[in-house]
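K.L.:
Dropping the structure in here first, questions after.
Every number in this text was worked out from the coordinates using simple rules, so none of it is lab data. If you're wondering where the values come from, they're calculated on a predicted model, not measured in any experiment. Glycine also receives a Cβ, built like all others from the backbone with ideal geometry; neighbour counts cover every protein chain displayed.
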Amino acid sequence: MELEGKVSLVTGASRGIGKAIALKLASLGSRVAVNYVAIEASNKADADDVVASIVRTGGEAIAVEADVRNSEAVRAMVDQVAEKWGKIDILVNNAGINRDTLLLRMSDDAWDAVIDTNLRGAFLCTKFAVRHMMRQEWGRVISLSSVVGRVGNAGQCNYAASKGGIIAFTKSVAREMGSRNITVNAVAPGFIVTEMTNKLPAETRDGLLAMIPLQRLGQPEDVAELVAFLAGERAGYITAQVITIDGGAFP
């Protein structure tokens with residue numbers, strides 16, 4: 001129970017990688033706030049299912065609704081978590097979307113939606129959460145970037161820009177927060193089994209597998225294990241880092 005007594009806020013935690021992270025942190029003893037956005041009715045139900053799974057195994061969790069693009073909504077969410085459990089120790093910026101198309105076909109809305117959710121969302125959540133961490137002089141901020149943010153990808157200039165921005169954001173905030181014993185790191189997953197990759201044609205998936213030395217796509221749980229390590233005491237001297245988890249595809 002390495003994280004017993006800690007309080008975690010995981011954004012976009014109703015499904016996929018975020019869900020796996022929430023479940024893993026809870027399994028290590030952390031209380032977990034499961035964030036979701038009420039764009040689809042199923043999102044609340046999915047978030048409630050994650051909370052129920054944690055509670056069934058003896059953990060503590062709540063579902064918290066907020067659009068991470070909205071400053072006041074994020075402030076209210078962070079305050080809600082802090083009022084519920086008295087603090088916030090761990091923030092995982094996981095919420096993200098994609099709107100893939102080639103640059104010349106990309107609309108302003110497709111660009112703005114991805115940048116606002118992926119990058120502005122991480123900015124807002126971090127800004128409000130670290131205020132609580134600074135008071136206690138302990139904290140962990142872990143943001144989900146992507147290998148695409150390192151190497152780029154055709155048809156994803158908006159997504160790559162947002163994830164590359166998270167890398168620069170992480171390194172900058174780590175320098176600001178180090179004196180308060182707050183570590184700030186990013187995780188850059190490669191090809192992970194999610195709703196996004198499940199939609200790929202078989203030939204595309206085969207092409208991806210050919211790039212990966214470990215000959216498999218990653219699982220959300222693989223990413224969750226890395227995040228959980230960075231959230232704990234054993235990672236206390238790791239900050240301003242971007243750790244790639246991609247099966248060796250982009251060394």
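K.L.:
Return yes or no: is Gly121 assigned to a helix (DSSP H, G or I) and under 17 Å from Gln241 (Cα atoms)?
P.N.:
For Gly121, the condition - assigned to a helix (DSSP H, G or I) and under 17 Å from Gln241 (Cα atoms) - is not met.
K.L.:
Separate question: With the requirement that a residue be part of a helix (DSSP H, G or I) and either among the acidic types (Asp, Glu) or more than 20 Å from the chain's Cα centre (by Cα) (or both), what does region 46-87 give you?
P.N.:
Once the filter is applied, which keeps residues that are part of a helix (DSSP H, G or I) and either among the acidic types (Asp, Glu) or more than 20 Å from the chain's Cα centre (by Cα) (or both), region 46-87 yields Asp46, Asp48, Asp49, Ala52, Val55, Arg56, Glu72, Asp79, Glu83, Lys84, Trp85.
Each row is one residue, and each column tells you yes or no for (1) part of a helix (DSSP H, G or I); (2) more than 24 Å from Glu225 (Cα to Cα); (3) touching a Cys at 6+ places or on another chain (Cβ under 6 Å); (4) of a type in the set (Lys, Arg).
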residue	(1), (2), (3), (4)
Cys125	yes, no, no, no
Asn153	no, yes, no, no
Ile166	yes, no, no, no
Ser172	yes, yes, no, no
Arg175	yes, yes, no, yes
Asn185	no, no, no, no
Ala188	no, no, no, no
Thr197	yes, no, no, no
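Quick grid of which residues meet (1) under 19 Å from Phe128 (Cβ atoms); (2) of a type in the set (Lys, Arg):
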residue: Leu3; (1), (2): no, no
residue: Val7; (1), (2): yes, no
residue: Arg15; (1), (2): no, yes
residue: Lys19; (1), (2): no, yes
residue: Lys24; (1), (2): no, yes
residue: Gly29; (1), (2): no, no
residue: Ala38; (1), (2): no, no
residue: Ala41; (1), (2): no, no
residue: Ala52; (1), (2): no, no
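K.L.:
Next up: Criterion first (β-branched (Val, Ile, Thr), crowded, with 21+ Cβ neighbours inside 10 Å and out of contact with any Lys or Arg (no Cβ under 6 Å at 6 or more places or on another chain)) does Val242 satisfy it?
P.N.:
no
K.L.:
Does region 49-58 contain at least one residue that is surrounded by fewer than 17 Cβ atoms within 10 Å (Cβ to Cβ), under 22 Å from Glu195 (Cβ atoms) and touching a helix residue (DSSP H, G or I) at 6+ places or on another chain (Cβ under 8 Å)?
P.N.:
Yes - at least one qualifying residue is present in region 49-58.
K.L.:
Among the residues of region 93-108, are any crowded, with 22+ Cβ neighbours inside 10 Å and either farther than 24 Å from Ile245 by Cβ or without any contact (Cβ under 8 Å) to a residue 12 or more places away in the chain (or both)?
P.N.:
Within region 93-108, none of the residues are crowded, with 22+ Cβ neighbours inside 10 Å and either farther than 24 Å from Ile245 by Cβ or without any contact (Cβ under 8 Å) to a residue 12 or more places away in the chain (or both).
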